[in-house]
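Written out below as structure tokens is the structure these notes cover.
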Amino acid sequence: MGRRTTLALTVFLAVAPALAAETMSLPAVMRTAREKAHDVAAARAREAAAAARLNQARGLRLPALHAEEDFVRTDSPAEVFALELNQQRFSFAAFTATDPNRPSALDTAMTRIELALPLYTGGELSGRIGQAEAAAEAGSATAAWASDQAAWEAARAYLALAQAQEFAALLEQSRKTVAAHVELARDYVEQGMLVRSELLRAEVELARVEDMLEAALGGVRVAAANLAFRLGRDQDAELRAEALPAPAPPREDLAAYLAFALRRGDLVAARSMLRAGELERGVRRAAFLPRVGLVAREDLVDDHLFGRHGESTAVVAQARVSVFAGGSDRAALRAAEWEAKAAAEDVARFADGVQLEVRQAWEEAATARSRQTTAARAVGAAREVERIVSERFSKGVVKMLDLLDAATAAREAETRELAARADADTASIRLALVAGRTPESALP
């Protein structure tokens, strides 16, 4: 643990000035992603839209009140006759005193206030409301899943940054070690204890490590920009991650993860949309049933806008049934039935795929933890070899090439352990995600 702290301090000094960079923790990163990620904001907006559509569907059951104003100027004999009656200005004496076939143009304004109430729709309204309810449930589940996805993507970017930082620190430490070997070799060459070719070989290795370090520092900058992107931050912001934690084993067995995965957000949303599709069959059956409604209206008629010289009221009960529509209604019903069947198969396949995904993630997490344990043991052995070879070199027993090979082997072992640790942490969080748990539940 002390060596990891030293590496973290080294990369802290190598990557960015202390006052300019911001160190973030993994839980804080995941929390920020849930609050700021664009994908989450979009999913929440769609959730709100689905809730509004549900209110829209429910509103169709309530009475609808409409107001309408029309203005007509006409000299059509039949219309002039009817409109004068509606204005309650008809005079039989005037009618007989003029030519009814050639009336003067008449101005008429008609104000209509109408109240319509559906009484029976064959189940179409209740079906549409049920579909809107299912869509609203799907929207909520999708928003929760998008939030988990954002937290996972931010965690993955954070772990990549932590790995890049620690890798840069390893290379910085390796550069210092090789530089010390170069200085020692130079002293030995001056003392005649070492041939110049071995010094040149050490200088070549130092140049190679310096090139790798420069590339690693570039990788740190890219990883920081990627993390800023996941958090909705300015990509020029200088961010740092804490040291990679040791991977933690899962808290439950595979069976528990498989059972919980059945409640995963995207799977819940798919089931909700399947229910909406199944309700479409009932909506299509409504075409074969009568529709009954009630309409009440008040008409105000005058020779100027919004006047009420003439006034009438009507209450109409309407019933309508489709007798023949060329087979289109029946075809629409059959299509809805087949689409519901197809959707049910899709959801069943999706659920099976989720189970398989959990099994794969479980095995990947177990393998990653095992690799990290093995790599950690190899690091200890490689460091011990480096120490022994260094002592033997100082005594002139081994060549510079042997010392450089030992240093390279130690660095490669440390790099493998770092990669294995990052993979194990990533696999642990991904296992929680695909099993329908919050990614934060995988944190130590």
Sorted list, accessible surface of protein heavy atoms, 1.4 Å probe, largest first, for LEU54, LEU119 is LEU119, LEU54
Note: ARG383 to ASP39 extended length (0.36 nm per residue) minus current alpha-carbon separation gives 119.3 nm
Any aspartates and glutamates whose Cα falls less than 16 Å from that of LYS341, other than same-chain ones fewer than 8 residues away, would be GLU278, GLU280
Cα-based Debye curve of the range 241-388 sampled at q = 0.11, 0.15, 0.16 Å⁻¹ gives log₁₀ I(q)/I(0) of -0.77, -0.97, -1.01
Taking a crude spin-label model, label points 7 Å out from Cα along the C-beta direction, the ARG208 to ALA93 distance in nm is 12.2 nm
Rounded to whole Å², per residue accessible area for the chain with a 1.4 Å probe reads 54 Å²
Sorted by accessible surface (1.4 Å probe, heavy atoms of the protein chains only), largest first, ILE429, ILE388 come out as ILE388, ILE429
Normalised Cα Rg of the range 224-325, dividing by 2.2 N^0.38 Å with N its residue count, works out at 2.50
Taking only protein heavy atoms and a 1.4 Å probe, the highest-to-lowest accessible-area order of PHE92, PHE393 is PHE92, PHE393
On the accessible surface of the range 44-187, probed at 1.4 Å with all protein chains in place, carbon and sulfur together account for a percent value of 55 percent
Each label sits 7 Å from Cα toward the beta-carbon; between VAL323 and ARG31 the label points are separated, in nm, by 7.0 nm
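Given contacts defined as C-alpha pairs under 8 Å and at least six residues apart, what's the relative contact order of the range 51-131, whole-number percent?
Reported relative contact order: 51 percent.
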Summing -39500 (n - 2.57) over every DSSP H run of at least 4 residues in the chain and dividing by its residue count gives a helix-only mean residue ellipticity at 222 nm, to the nearest 500 deg cm²/dmol, of -24000 deg cm²/dmol
Percent relative contact order for the range 169-222, counting Cα pairs under 8 Å at least six residues apart, stands at 44 percent
Karplus-derived 3J(HN,Hα) from phi for the range 438-444 (6.51 cos²θ - 1.76 cosθ + 1.60, θ = phi - 60°), whole Hz, x at Gly and Pro, runs 5, x, 5, 5, 8, 6, x
Carbon/sulfur accessible area of the range 216-325, % of total, 1.4 Å probe, equals 57 percent
Cα extents of the chain along the principal axes, largest first, in whole Å, come to 141, 47, 34
Here the FRET efficiency for ARG221 versus THR373, based on Cβ atoms and R0 = 30 Å and rounded to 0.05, is 0.45
Taking alpha-carbon centroids only, the range 104-171 lies from the range 209-244 a number of Å equal to 35 Å
In a Gaussian network model of the chain with springs linking alpha carbons closer than 10 Å, the residue among ALA134, ALA57, ALA255 that fluctuates most is ALA255
Once normalised by the length of the chain, the mean sequence separation of its alpha carbon contacts under 8 Å that are 6 or more apart gives a contact order in percent of 24 percent
Shape descriptors of the range 332-444 over alpha-carbon atoms, Rg and Dmax in angstrom, are 25.0, 91
Simple SL model, points at 7 angstrom along Cα→Cβ for LYS399 and LYS341; separation in nm is 7.7 nm
Filtered hits (lysines, Cα-Cα < 22 Å from LYS395, offset >= 8 within chain) -> LYS176
Taking Cα atoms, the helix 26-36 axis meets the longest principal axis of the chain at an angle in degrees (rounded to 10) of 20 degrees
Over its alpha-carbon atoms, the range 74-193 yields an Rg and a Dmax in Å of 45.5, 141
To the nearest 10 degrees, the tilt of helix 196-230 (Cα long axis) against the first principal axis of the alpha carbons of the chain is 20 degrees
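Give the peptides 356-365, 186-195, 267-276, 160-169 in descending order of average Cβ contacts within 10 Å, highest first.
Ranking the peptides 356-365, 186-195, 267-276, 160-169 by packing returns 160-169, 267-276, 356-365, 186-195.
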For the chain, the longest principal axis of the Cα atoms and the Cα long axis of helix 124-190 enclose an angle in degrees, to the nearest 10, of 20 degrees
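The values are calculated or read from the model by the stated rules, or taken from the named source; none is laboratory data. The model shown is predicted, which means the values in this text are computed figures rather than measured ones. Neighbour counts are summed over all protein chains in view; Cβ atoms, including those assigned to glycine, are modelled from backbone coordinates with ideal geometry. Each accessible area value is taken on the protein alone, full model and side chains, heavy atoms only, with ligands, DNA and RNA left out. Shrake-Rupley method; radii C 1.70, N 1.55, O 1.52, S 1.80 Å.
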